[in-house]
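The next block holds one structure in the form of structure tokens; read it before the comments.
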Protein chains: 2
Amino acid sequence: MKGYGQFCPIAMACETFAERWTPLILRELLAGGRRFNELRQGLPLISRTLLGQRLRELEAAGIVQSRPLARGRGREYRPTQAAEEFREVLDRLGEWGQRWATTQFDPDNLDLPLLMWNVRRRIDFARLPARRIVVRFDFRAFPARCRPFRTCWLILEGGGSDVCLKDPGHEVDLVVSADAEAMARVWTGAISFGQAVRDGGLRLDGPRDLVRAFPSWLLLSHFAHVQRPARVV
Amino acid sequence: MKGYGQFCPIAMACETFAERWTPLILRELLAGGRRFNELRQGLPLISRTLLGQRLRELEAAGIVQSRPLARGRGREYRPTQAAEEFREVLDRLGEWGQRWATTQFDPDNLDLPLLMWNVRRRIDFARLPARRIVVRFDFRAFPARCRPFRTCWLILEGGGSDVCLKDPGHEVDLVVSADAEAMARVWTGAISFGQAVRDGGLRLDGPRDLVRAFPSWLLLSHFAHVQRPARVV
DNA sequence: CAGTATCCGATGCGATACTG
DNA sequence: CAGTATCGCATCGGATACTG
């Protein structure tokens, strides 16, 4: 049996929405993902088969529109107005998750490339000098089963950011040395930036201005500042 | 594989939430459902097995608390604070659904007992006389495969409402004769009450006061008044 | 009534291989 | 690169039967 057999709008919405991966695909689209493999970077564990299938379903439901790229192979996927309005739902869902669903941090689940992929989208360029800035992240103390990934470069230029897993060759402006878990905790809002520095989980090396401004231009997760529930028994 | 392998709060929330039936179970709990079979009335198509399993999952996730009834067999299920805060998500989801996911009304999916079960919860008692009011609904023109269900009684008394599928024997104060689909359309906000009356899809018989006040004390679906998107091409 | 245990069929989904 | 077709297994979930 398919569907819930109800005319309630919540039920109708759930028929397309409460499917595995679908809310996260929408999250990626609303965060600016447009290409198939771009979406996959934000969803490392989804299979290509399933992503393709879900995109087709979303397009049939009028939530996604796709068209072939002007040049090259492949398509561009765009959120429609209906998808845009879904942001409201995802924001409430994320706030709820931040308050009630953040389980004890399991370092084995820590996916550093995914973390950096998200970091990339949360830069306040207005707080940065107009020239190109290259930040190298040196990670340590991540679990053995993590992909071989110790260093990456964040390139901030012209209002856009890129993450490189290989040395792009540019001169480095700032080096962030971080315990992987500490970086993740700061990102999620579990501990403050200052606390992580004081604990030694995070260290910055570079020009004074850039270092001092770091917490202002590296925005954290969208939900980092959501107030957790007071501990009630 | 279980889970999304992400620390994003949306992903965490989805692990418990984006499962079949779960949002609707939450909807029922937040609408006041407390007993197993009470929940089932709002979810006619769920199996007992699955409802039981989901309630256990929700309890493990801290979203539901249950305890044996003081008297009698069975348990009482209660939404926790976490569930209460989930209302925000469901409201946004319902608004989205009302705007974007209400497909062409399929009369074959029209479940009148379910409709009445929902109607029962949307009464503004402040608009009613303090005494007991009994409303009889006579339905017509519903699909053949619908359960044999033509008439039901809505009993409004002491701030609580009950739906009976068999004559409770009380004197009837008001009779609503309705084309089943018209009633559903009014309920969902697709057409106005006045329009349905003018079209002949709905008729009221009873004392003038009660008839005139009807649209004020029979509240519609929670989402009936959500503005639909302007028709853009 | 208020559920739970068991069984088994449907489908969801990942792996692999393939295509323009 | 940017996907799609096929296959096979794992799990999801409904039906049935059972229990206090």
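Copy-to-copy label distances for A:Arg198, where each label lies 7 Å from Cα along Cα-to-Cβ, are 6.9 nm in order of increasing length.
Loop-located trypsin sites (Lys or Arg not before Pro) in the stretch B:55-157 (DSSP state not H, G, I, E or B) with no more than 10 neighbouring Cβ atoms inside 10 Å: B:Arg71, B:Arg73, B:Arg131, B:Arg145.
Label-point spacing at A:Glu38 relative to the other copies reads 4.9 nm, in ascending order, each point sitting 7 Å out from Cα along Cα→Cβ. Across chain A, counting alpha-carbon atoms alone, Rg and Dmax equal 19.6, 62 Å. Taking a straight Cα-Cα cut-off under 23 Å and skipping sequence neighbours fewer than 8 places away in the same chain, the lysines within cross-link reach of B:Lys2 are A:Lys2. Distances between every pair of Cα atoms in the protein assembly as shown, grouped in 20 Å steps from 0 to the bin holding the largest one, split as 21, 46, 25, 8, 0 percent. With a 10 Å cut-off around each Cβ of B:215-228, the average count of Cβ atoms from other chains is 1. Across the identical copies, the 7 Å label point of B:Ala60, projected outward along Cα→Cβ, sits 3.2 nm from its counterparts, in ascending order.
With r as the distance between the Cβ atoms of B:Asn109 and A:Gln65 and R0 = 35 Å, compute the FRET efficiency 1/(1 + (r/R0)^6) and round to 0.05. The computed FRET efficiency comes out at 0.80.
For the stretch B:38-135, taking the reciprocal of the average inverse distance between every pair of different Cα atoms yields a Kirkwood hydrodynamic radius of 16.8 Å.
Averaged across B:82-94, how many Cβ atoms of other chains sit within 10 Å of each residue's Cβ atom? Before the final figure, lay out the partial values.
Numbers: counts 5, 2, 0, 6, 4, 2, 6, 11, 6, 4, 11, 14, 8.
The shielding value for this peptide is 6.
Fully extending the segment from A:Asp138 to A:His225, taken as 0.36 nm per residue of separation minus the present Cα-Cα distance, adds 28.8 nm.
Listed by number, the DSSP H helices of chain A that run 15 Å or longer by alpha-carbon position along their axis and have mean Kyte hydropathy of at least -1.0 are A:48-60.
Rounded, prolate or oblate for the stretch A:43-90? Axes are the square roots of the Cα gyration tensor eigenvalues, ordered a ≥ b ≥ c, and the cut-off for rounded is a/c under 1.5. All intermediate terms of the calculation are to be shown ahead of the outcome.
Numbers: a/c = 1.94, a/b = 1.23, b/c = 1.58.
Oblate shape, in that a/c is at least 1.5 and b/c is the bigger or equal ratio.
Across the stretch A:183-217, the residues whose backbone nitrogen lies under 17 Å from the label position 7 Å along the beta-carbon direction of A:Thr151 are A:203-206.
FYI, it's all coordinate maths here, none of it is from the lab. Since the structure is predicted, the reported quantities are computational estimates derived from the model, not experimental observations. Positions of Cβ are generated from backbone atoms using ideal geometry, with glycine treated the same way; all protein chains shown enter the neighbour counts.
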